Amino acid sequence: MVRSMTGYGRHQETIDSMNITVEIKSVNHRYFDFSSRTPRIYGFLDEKLKSFVQSKVARGKIECYVQVDNLEDDSVVVEINHSLAKGYVEAFKSLSESYGIDNNLNAGILARFNDVLLIRKEEADEEKIWSAVKSVAETAVDKFISMRKVEGEKLRDDICSRADNILEKVEYVESRSPETVKEYTQKLLARMNDVLSGVNVDEARILTEAAIYADKIAVAEETVRLRSHLEQLKGFFESEEAIGRKMDFLVQEINREANTIGSKACDVEIARCVLDIKSEVEKIREQVQNIE
């Protein structure tokens, strides 16, 4: 199923006392370009998220935002710097004995001195956190991909409609081309009769000139290839793979055939028809740039 490169998905869930939010969005890009914004202490999530998203998405400029809030943070540990505390105790004792003053040092006073109590956070359980974040990310990415599919269906409908318009123009070119040969033959015969009034015109010569002209403006090969390309373009939509790059190349080929027909056209009506074809091809090209 065709997918657009534009999408958005968001999911929030509380797992293991962690309130986790994952938001993902993307726009067009030639390749897979991923960036993430995670809490600084959970920087290890960046590469894991990139690998996970890349397993689901082939192309696009993707931005992922992750927020993790601990609702019951029991990972804070308070430690005592015993060597420093011991030093303070001995210092107070020495002051008391040396100057005959009371030693009123207690635990509360001692704890106020810098670095006697050390506060640190326990190392995060990376696998536990990743498991929780991945669970939330899966739902967010599913929503994200679902939106890309919806947008992709709209692109498919528009491209197929424009391809049908091109086919109608191709049919007109195919029907009009033989008529231009007939008109050329008639004009050539009339011109020769005017120039050589009273003299018999060599009709064999006229037919030879008409045949040369017909060969010069023949576009049958180009219209056959155009039909084949357009059929292949529609066929891409049945693929389960990323088709954007292939379609982009095929559109270039379609445009090349249209240019060739235009260069051969010696008829105003066909020339106008080719302009219409090229206009539709350009619109298809713009839409293809949005396909994954």
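The values are calculated or read from the model by the stated rules, or taken from the named source; none is laboratory data. Note that the coordinates shown come from a computational prediction; the quantities given were computed from them, not determined experimentally. Here Cβ is always computed from backbone atoms with ideal geometry, including for glycine, and neighbour counts include all displayed protein chains.
Evaluation of residue 111 against the conditions (1) under 23 Å from residue 25 (Cβ atoms); (2) outside the structural domain of residue 22 (by TED's automatic domain parsing) shows that the sole unmet condition is (1). Of the residues making up region 243-292, those that are buried (at least 17 other Cβ atoms within 10 Å of the Cβ) and either among the acidic types (Asp, Glu) or outside any helix (DSSP H, G or I) (or both) are 243, 257, 265, 267, 280, 290, 291, 292. With respect to the stated conditions, residue 53 fails to be surrounded by 13 or more Cβ atoms within 10 Å (Cβ to Cβ), among the hydrophobic types (A, V, I, L, M, F, W, C), out of contact with any His (no Cβ under 9 Å at 6 or more places or on another chain) and over 19 Å from residue 134 (Cα atoms).
Could you run through region 57-66 and say how many residues are modelled with pLDDT of 95 or more and surrounded by fewer than 21 Cβ atoms within 10 Å (Cβ to Cβ)? Of the residues in region 57-66, 3 are modelled with pLDDT of 95 or more and surrounded by fewer than 21 Cβ atoms within 10 Å (Cβ to Cβ).
In the set 156, 162, only one residue is surrounded by 11 or more Cβ atoms within 10 Å (Cβ to Cβ), modelled with pLDDT of 90 or more, touching a strand residue (DSSP E or B) at 6+ places or on another chain (Cβ under 9 Å) and under 30 Å from residue 226 (Cα atoms); that residue is 156. Among the hydrophobic types (A, V, I, L, M, F, W, C), surrounded by 13 or more Cβ atoms within 10 Å (Cβ to Cβ) and either touching a strand residue (DSSP E or B) at 6+ places or on another chain (Cβ under 8 Å) or assigned to a helix (DSSP H, G or I) (or both): is that true of residue 91 in this structure? No, not satisfied.
Taking the numbered list (1) closer than 18 Å to residue 268 by Cβ; (2) at pLDDT 65 or above; (3) out of contact with any helix residue (DSSP H, G or I) (no Cβ under 7 Å at 6 or more places or on another chain) in turn, residue 173 passes all entries but (3).
Scanning region 143-159 turns up no residue that is outside the structural domain of residue 283 (by TED's automatic domain parsing) and touching a Leu at 6+ places or on another chain (Cβ under 9 Å). Tell me which residues, restricted to region 15-47, are exposed (fewer than 13 other Cβ atoms within 10 Å of the Cβ) and in a strand (DSSP E or B). Across region 15-47, the qualifying residues are 35, 37. Scan region 48-88 for residues that are under 20 Å from residue 127 (Cβ atoms) and in a strand (DSSP E or B) and the total you get is 6.
Results for (1) under 26 Å from residue 152 (Cα atoms); (2) touching a residue at least 40 places away in the same chain (Cβ under 8 Å); (3) aliphatic (A, V, I, L, M); (4) in the same structural domain as residue 162 (by TED's automatic domain parsing), shown as yes or no for each residue.
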{"position": "229", "(1), (2), (3), (4)": "yes, no, no, yes"}
{"position": "234", "(1), (2), (3), (4)": "yes, yes, no, yes"}
{"position": "249", "(1), (2), (3), (4)": "yes, no, no, yes"}
{"position": "254", "(1), (2), (3), (4)": "yes, yes, yes, yes"}
{"position": "267", "(1), (2), (3), (4)": "no, yes, no, yes"}
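Within region 111-138, the residues that satisfy the criterion of being touching a strand residue (DSSP E or B) at 6+ places or on another chain (Cβ under 9 Å), surrounded by 10 or more Cβ atoms within 10 Å (Cβ to Cβ) and of a type in the set (A, V, I, L, M) are 111, 116, 117, 118, 129, 132, 133, 136, 137.
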